[in-house]
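This report refers to the structure that appears directly beneath it.
The values are calculated or read from the model by the stated rules, or taken from the named source; none is laboratory data. Just so we're clear, the structure is a prediction, and the values are computed from it rather than from any experiment. Backbone-built Cβ (ideal geometry, glycine too); neighbour counts: all protein chains shown. Heads up: the accessible areas ignore ligands, DNA and RNA and are worked out on the full protein's heavy atoms, side chains in. Shrake-Rupley method; radii C 1.70, N 1.55, O 1.52, S 1.80 Å.
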Amino acid sequence: MSLIEITEVRKSYGTNEVLKGINLDVEPGEVIAIIGKSGSGKSTLLRCINGLETITQGSISVAGAQLIDDEVHLKALRLKVGMIFQQFNLFPHLTAGGNVMLSQSVVKKTAKAEAEAMARKMLDRVGLGHKFEAYPDELSGGQQQRVAIARALAMQPIALLCDEITSALDPELVAEVLAVVRELAAEGMTLLMVTHEMKFARDVCSRVVFMHQGRVHEIGRPEEVFANPKTPELQQFLGMH
Amino acid sequence: MIEFSTWDILRNLLLATRWTILLSLVSFVGGGAVGLLLLFLRISKRKAARAFAKYYIELFQGTPLLMQLFLAFFGLGLFGIDVPAWLAAGLALVLWTASFLAEIWRGCVESIARGQWEASASLGMGRLQQMRYVILPQALKIAVPPTVGFSVQVVKGTALTSIIGFVELSKAGTVVTNATFQPFTVYGLVALIYFALCWPLSKSSQILERKLNVAHRNH
C-alpha cells in the first residue's frame, strides 16, 4: 500500500474545474516535484492533500487516514502530513521557539519541557538553534522559512507538503532553505513539493509530476522527464522546441 | 428662596457621576462579554449562527439607543414584568454596546491574514484553538485602540438613560437645575464632567494606537 493515495480527484470552483481526475500514489521516502504553469492546479492539488481545499470527487488517503471534511478526520490527517507555505505564515506574536512549541502543546498536549526540548532540537536541525528567542520580524525570509520547516517537523509528520517554499525568497536565501529540504530528503522524509527550482527537482527528486490544465500530463524519473519530455506541452514548459 | 453655592451644585453632580461611571463600566464589561459571544457566532461555520449575529447587529445598530431604552423599560412592563430604571438602562446599554463591539472585533479578526488560519489548521489545530492561540492574540492588539475609542460612545450613551428616570449625571443636572434655576452653570458643569471622563479615554486610544503601531507590524 502506498503512503499517499490520490484517486480520481476532481475539484471545481463553481463551473471551473481545476483538477480533472488526478491519480497519484506516493511511496514512503519518495520525493516528488510537482511542476507546471501557474493555473495548472499544482498548488490546489497540494492543498487538497491536507484538506485546506475540499475535493469535489475522488478520494485521498495518507497512511490510512482518509480525507473527510470534519474536524476529527482532518486533524488525524494533518497530524500525518505537515505543510510549508510560500509566505512562511509564522505566528508573528510568538518567538521562533514559541512557533515550534505551540501546536505540540495545544494539539498533542505535550508537556512544556518536552515541547521545548523538541523545539530546540528541530531549530538546531534547521540550523537556527540560536534564534529560539527571536521573533519572526527579526528573522530573514530564509530563516523564517526554516523556522516554518522546524515547526512542521516538530509534529513528527510522515510526509511534508511544500508549496513553492522558495518563491517568496530573495535569490541568495533560496539555497539555505533548499539545503534543509535536501537533508530531509536524504533522511528519508516523504516530500511532495510544488516548485520552480528545476535544478533542485532534477538533483533531489525521485519522480517529477508535470501538471497541465488540471491533469497529470507527464510523470516519471527526473532524468527521463527533463532529458526526454514526451509531450509538446512539457517541452514548451522546459523551454525546448 | 434657598441660595445654592457652586460647590453645592458640583457636589451633587459629582455624586451622580458615580452612577454614570458605574453604568458605563457595567455596559462596557457586559457588552464586551456579549459582544465576544456575538463575534464567535458572527464568524461561525454555521450559517444559522452567522445569520442570527448579523441580524442582531443590524437591529441594534439600526435603531436609536433611546428606542431600545424605551422598549426595555416599557416593553417588558407589558408582560407584567416590573422593570426598574437601572435594570432597563443596564440591559439596553449592554445589548447596544455588544452590537458595536462585536462588529469592531469582527473587523479585527478578519484583518488577520488567511495564511495564519491555514498554517494553524495544517498543524492540526481545531477552530477554537486557532482562535484562542493564533488569531485572537493578534486581533486583540489591533482591537485595543478602536475598542477604547468606542468606550467614549458608551459613556455618552449613558446620558440617554436619564429619560427613563435613571439618576445619573444628566438626570442629576436636570434635577439640580429645577432647584437652582441656573441652567447654564449646571449644564456647563455637567458637560465639563463628561469631558473629564471622555477626554482621557479618547486620548489613551490615540496613544495606544501609536504605541501598538498597528499598521506596521504584520510579519
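Quick one: which residue in A:GLY141, A:GLY239 is more than 30 Å from B:MET125 (Cβ to Cβ) and more than 17 Å from the chain's Cα centre (by Cα)?
Values: A:GLY141 fails: more than 30 Å from B:MET125 (Cβ to Cβ).
On inspection, the qualifying residue turns out to be A:GLY239.
Go through the stretch A:22-62 and count every residue that is in a strand (DSSP E or B), closer than 16 Å to A:HIS73 by Cβ and open to solvent by less than 40 Å² (accessible area, probe 1.4 Å).
The number of residues fulfilling the criteria is 3.
Would you confirm whether or not the stretch A:79-89 contains a residue that is part of a helix (DSSP H, G or I), open to solvent by 10 Å² or more (accessible area, probe 1.4 Å) and more than 18 Å from A:LEU3 (Cβ to Cβ)? Explain how you work it out, then say what you get.
Applying the first criterion (part of a helix (DSSP H, G or I)) to the stretch A:79-89 yields none.
No, the conditions are met nowhere in the stretch A:79-89.
Regarding the stretch B:109-127, can at least one residue be identified that is closer than 30 Å to A:PHE85 by Cα, within 18 Å of the chain's Cα centre (by Cα) and within 14 Å of chain A (Cβ to nearest Cβ)? Show your work before the answer.
Within the stretch B:109-127, the subset closer than 30 Å to A:PHE85 by Cα is B:109-127.
From what's left, within 18 Å of the chain's Cα centre (by Cα): none.
No, there is no match, as no residue in the stretch B:109-127 is closer than 30 Å to A:PHE85 by Cα, within 18 Å of the chain's Cα centre (by Cα) and within 14 Å of chain A (Cβ to nearest Cβ).
Tell me, which residue of the stretch B:52-100 that is of a type in the set (D, E, K, R) and at pLDDT 95 or above is most open to solvent (accessible area, probe 1.4 Å)? Write out each step before concluding.
Here is the first cut: in the stretch B:52-100, the residues of a type in the set (D, E, K, R) are B:54, B:58, B:82.
Remaining after also requiring at pLDDT 95 or above: B:54, B:58.
Values: B:LYS54: 79, B:GLU58: 101 Å².
Filtering first and then ranking leaves B:GLU58.
Determine whether A:LEU94 is open to solvent by 20 Å² or more (accessible area, probe 1.4 Å), at the interface with chain B (Cβ under 10 Å from one of its Cβ atoms) and closer than 25 Å to A:LEU173 by Cα.
yes
Can you pull out the helices (runs of 4 or more DSSP H) entirely within the stretch B:72-131 that have at least 2 residues that are among the aliphatic types (A, V, I, L, M)? Quick ask: steps written out before the conclusion?
Details: elements: B:85-110, B:114-122, B:127-130.
Here the list reads B:85-110, B:114-122.
Do you know which residues across the stretch A:97-112 are at the interface with another protein chain (Cβ under 7 Å from one of its Cβ atoms) and within 21 Å of A:LEU161 (Cα to Cα)? Step through it out loud before you land on a result.
Just the residues of the stretch A:97-112 that are at the interface with another protein chain (Cβ under 7 Å from one of its Cβ atoms), to begin with: A:102-103, A:106-107.
Within the stretch A:97-112, A:LEU102, A:SER103, A:VAL107 qualify.
Counting only residues that are open to solvent by 30 Å² or more (accessible area, probe 1.4 Å), touching a residue at least 12 places away in the same chain (Cβ under 8 Å) and small (Gly, Ala, Ser), how many does the stretch B:183-206 have?
Result for the stretch B:183-206: 2.
Conditions (1) modelled with pLDDT under 95; (2) crowded, with 18+ Cβ neighbours inside 10 Å; (3) of a type outside the set (Val, Ile, Thr), marked per residue:
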| position | (1), (2), (3) |
| --- | --- |
| A:LEU160 | no, yes, yes |
| A:PRO171 | yes, no, yes |
| A:ALA175 | yes, no, yes |
| A:GLU187 | yes, no, yes |
| A:ALA201 | yes, yes, yes |
| A:GLY220 | yes, no, yes |
| A:VAL225 | yes, yes, no |
| A:THR231 | yes, no, no |
| A:GLY239 | yes, no, yes |
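Would you confirm, using the coordinates I've provided, whether A:ARG120 is of a type outside the set (Asp, Glu) and either over 21 Å from the mean Cα position of the chain (by Cα) or assigned to a loop (DSSP other than H, G, I, E, B) (or both)? Reasoning before the result, please.
On the way: of a type outside the set (Asp, Glu): yes; either over 21 Å from the mean Cα position of the chain (by Cα) or assigned to a loop (DSSP other than H, G, I, E, B) (or both): yes.
Against the criterion (of a type outside the set (Asp, Glu) and either over 21 Å from the mean Cα position of the chain (by Cα) or assigned to a loop (DSSP other than H, G, I, E, B) (or both)), A:ARG120 qualifies.
What number goes with the only condition from (1) free of Cβ contacts under 8 Å to residues at least 40 places away in the same chain; (2) surrounded by fewer than 21 Cβ atoms within 10 Å (Cβ to Cβ) that B:SER120 does not pass?
So the condition that B:SER120 fails would be (2).
At pLDDT 95 or above, within 12 Å of chain B (Cβ to nearest Cβ) and assigned to a helix (DSSP H, G or I): does that describe A:ALA115?
Details: at pLDDT 95 or above: yes; within 12 Å of chain B (Cβ to nearest Cβ): no; assigned to a helix (DSSP H, G or I): yes.
For A:ALA115, the condition - at pLDDT 95 or above, within 12 Å of chain B (Cβ to nearest Cβ) and assigned to a helix (DSSP H, G or I) - is not met.
What is the residue count in the stretch A:108-134 for residues that are open to solvent by 10 Å² or more (accessible area, probe 1.4 Å) and among the β-branched types (Val, Ile, Thr)?
Going through the stretch A:108-134 one residue at a time, the tally reaches 1.
Go through the stretch B:30-51 residue by residue and tally those that are farther than 21 Å from B:ILE164 by Cβ and open to solvent by 30 Å² or more (accessible area, probe 1.4 Å). Spell out how you get there, then give the answer.
First pass over the stretch B:30-51, keeping only residues farther than 21 Å from B:ILE164 by Cβ: B:32-33, B:35-51.
In the following step, the residues that additionally are open to solvent by 30 Å² or more (accessible area, probe 1.4 Å) were identified as B:33, B:36-37, B:40-42, B:45-48, B:50-51.
Residues flagged as farther than 21 Å from B:ILE164 by Cβ and open to solvent by 30 Å² or more (accessible area, probe 1.4 Å) within the stretch B:30-51 amount to 12.
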